[in-house]
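Student: Here it is, the structure in full.
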Amino acid sequence: MRSIFHPAAAVFLLHFFLTVTFSVGIRTIGGGDGSGPGFGFSEAPDYRNGVECPVSVNKEVVSSCDPDLVHVAMTLDSEYLRGSIAAVHSVLRHASCPENVFFHFIAAEFDPASPRVLSKLVRSTFPSLNFKIYIFREDAVINLISSSIRQALENPLNYARNYLGDILDLCVDRVIYLDSDLVVVDDIHKLWNTALTNSRVIGAPEYCHANFTKYFTDGFWSDPVLSRVFHSRRPCYFNTGVMVMDLVRWREGNYRKRIENWMEIQRKRRIYELGSLPPFLLVFAGNVEAIDHKWNQHGLGGDNVRGSCRSLHTGPVSLLHWSGKGKPWVRLDARNPCPLDHLWKPYDLYKGSSIKDRSSFPSSIFLGFSSYLS
């Protein structure tokens, strides 16, 4: 028998202790009314592949390991559940081959809604969805989290993206990570086909016009040892809510540990104020595969303090992202929505909301979206 300290064995053990695969909901038909404790969602339309869609080699049994599928990872918890359900709905609605999409849901170990309840709810809302739920053990990161500008950013589940290489099945080589406060209004297969060149590990829309220095404290920039991490790079800001990730390169490069190292420094030195974003910038900024900005029209939730209304950036839109304090479902329920919140509403499956016909909204809101919202 090989020693447990062999690199391959170590990766396996880390995967085992960090996660427990709770349940597999692969093409489950029927079951439940979608009304788990405190929840109530309508069943989504049954989106099916067209004749032009490629057929997987394993067409009889859909597997989380199937490389022919588009793999999407998202977190799933009671607080953002309504957003997650809307995000999944949007992906399926606009996918050219919805049955060729596989969702990997990461659930918190101690969430008020148990993984069993969440699994049942997903199955009843999306009866033909290909998915699997994993449990994220929060003690893997809890001692590394420092206080942030907004308390919500301190939720351990926000850091689950750091551990995707360990949480997901080791056979999953590539994944699209999506936040829960967004909707996709284009074909997810287009994003999946992004090539990660020059051995890059992640791809994301970059924003090189943003003031990069503001993401770190003066103490960081005045320390020549810490700040030299960027000396050989031209760093640009990117939002970690939408990323294409090569998990083979991620695991080989031990990028989880690189991120953790910066979180440990943060606990001692206070080098940034935001939550899970700055460690990603420290490790990857300047070495990211640049993806078209249309795949992350972020900031629609306003800033991290006021959550004020924002307008769209100029140009085409493939993904709307309510990053920031304000969330569309909260503002809609409070009857104080921002204009762009109405673009989220057609994907909301929550039974407690009254989904109006889009013709009742100002026509200017939907300018340029006719091909996506039909």
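Student: Of His94, Ala73, Val122, which is farthest towards the positive pole of the range 70-298's charge dipole, taken about the Cα centre with +1 and -1 on the beta-carbons of Lys, Arg and Asp, Glu respectively?
Tutor: With unit charges placed on the Cβ atoms, the residue in question is Ala73.
Student: Can you give the net charge of the other residues whose Cβ lies under 13 Å from the Cβ of Trp250, counting K and R as +1 and D and E as -1?
Tutor: +4
Student: Using a 1.4 Å probe on the protein chains only, how many percent of the accessible area of the range 193-243 belongs to carbon and sulfur?
Tutor: 48
Student: Follow-up question, since we're still on this one. Can you compute the charge dipole magnitude of the range 181-308 about its Cα centre, using +1 on each Lys and Arg Cβ and -1 on each Asp and Glu Cβ, nothing else charged? Give it in debye, rounded to the nearest 20.
Tutor: 500
Student: Could you compute the net charge surrounding Asn239? Neighbours are other residues with a C-beta less than 10 Å from the C-beta of Asn239; K and R count +1, D and E count -1.
Tutor: -2
Student: Could you state the accessible area per residue of the range 292-346 in Å², with a 1.4 Å probe and every protein chain left in place?
Tutor: Result: 45 Å² per residue.
Student: To continue, here is another question. Please give the Cα centre distance for the range 181-203 versus the range 294-326, rounded to the nearest Å.
Tutor: Taking the Cα centre of each part, the range 181-203 and the range 294-326 sit 18 Å apart.
Student: Length gain on complete extension for the stretch Trp221 to Ile265, per 0.36 nm per residue less the alpha carbon to alpha carbon distance?
Tutor: Length gained between Trp221 and Ile265: 14.4 nm.
Student: Within the set of other residues whose C-beta is less than 15 Å from the C-beta of Ser180, count the net charge using Lys and Arg as +1 and Asp and Glu as -1.
Tutor: Neighbour charge sum, excluding Ser180 itself: -2.
Student: OK, next. Would you mind working out the accessible area per residue for the range 143-246, using a 1.4 Å probe, and quoting it in Å²?
Tutor: 39
Student: Taking the alpha-carbon distance from Lys351 and a cut-off under 26 Å, which lysines remain once sequence neighbours fewer than 8 residues away in the same chain are dropped?
Tutor: Lys120, Lys132, Lys325, Lys327
Student: Taking 22 Å as R0, compute the FRET efficiency from the Cβ-Cβ separation of Arg234 and Lys190 and round it to 0.05.
Tutor: Efficiency computed from Cβ-Cβ geometry: 0.25.
Student: Once you charge only the Cβ atoms, +1 for Lys and Arg and -1 for Asp and Glu, what is the size of the charge dipole of the range 70-298 about its Cα centre, to the nearest 20 debye?
Tutor: The dipole magnitude comes to about 280 debye.
The values are calculated or read from the model by the stated rules, or taken from the named source; none is laboratory data. Quick caveat: nothing in here was measured; it's all calculated off a predicted structure. We place every Cβ from the backbone using ideal geometry, glycine too, and count neighbours over all the protein chains shown. In case anyone asks, the SASA skips ligands and DNA or RNA and just uses the protein heavy atoms, side chains included. Shrake-Rupley method; radii C 1.70, N 1.55, O 1.52, S 1.80 Å.
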